[in-house]
1. Given the conditions (1) out of contact with any strand residue (DSSP E or B) (no Cβ under 9 Å at 6 or more places or on another chain); (2) surrounded by 14 or more Cβ atoms within 10 Å (Cβ to Cβ); (3) at pLDDT 95 or above; (4) within 21 Å of residue 60 (Cβ to Cβ), report the number of the one that residue 48 does not fulfil.
2. Has segment 35-44 got at least one residue that is surrounded by fewer than 16 Cβ atoms within 10 Å (Cβ to Cβ), at pLDDT 95 or above and in contact with a helix residue (DSSP H, G or I) (Cβ under 8 Å, 6 or more places away or on another chain)?
3. Report, by residue number, each residue of segment 51-61 that is surrounded by 16 or more Cβ atoms within 10 Å (Cβ to Cβ) and under 18 Å from residue 25 (Cα atoms).
4. Can you pull out every residue in segment 11-34 that is within 14 Å of residue 51 (Cα to Cα) and exposed (fewer than 11 other Cβ atoms within 10 Å of the Cβ)?
């Protein structure tokens, strides 16, 4: 998944303001104790990060 597609999905599901806040502030153990932004900066695959976000935030499999 391209980075642009990742952010499109984040904005679509959370809204732009909350998506940015969530990505910067919400630490997830599934990302090794990182935020979304830290995981992206560390080189994690965007598709894997998106799966973690979906799993932890209850996003339906149909919307993934």
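The values are calculated or read from the model by the stated rules, or taken from the named source; none is laboratory data. Being a predicted model, the structure only gives us computed values, none of them experimental. Virtual Cβ from ideal backbone geometry, glycine too; neighbours counted across all protein chains shown.
1. With (1) out of contact with any strand residue (DSSP E or B) (no Cβ under 9 Å at 6 or more places or on another chain); (2) surrounded by 14 or more Cβ atoms within 10 Å (Cβ to Cβ); (3) at pLDDT 95 or above; (4) within 21 Å of residue 60 (Cβ to Cβ) applied to residue 48, the lone miss is (2).
2. First pass over segment 35-44, keeping only residues surrounded by fewer than 16 Cβ atoms within 10 Å (Cβ to Cβ): 37, 41-43.
Filter once more, so that each one left must be at pLDDT 95 or above: 37, 41-43.
Going one step further and asking which of them are in contact with a helix residue (DSSP H, G or I) (Cβ under 8 Å, 6 or more places away or on another chain), we end up with 37.
The answer is yes, given that some residue of segment 35-44 is surrounded by fewer than 16 Cβ atoms within 10 Å (Cβ to Cβ), at pLDDT 95 or above and in contact with a helix residue (DSSP H, G or I) (Cβ under 8 Å, 6 or more places away or on another chain).
3. First, the residues of segment 51-61 that are surrounded by 16 or more Cβ atoms within 10 Å (Cβ to Cβ): 52-54, 59.
Answer for segment 51-61, where residues must be surrounded by 16 or more Cβ atoms within 10 Å (Cβ to Cβ) and under 18 Å from residue 25 (Cα atoms): 52, 53, 54.
4. Result: 29, single match.
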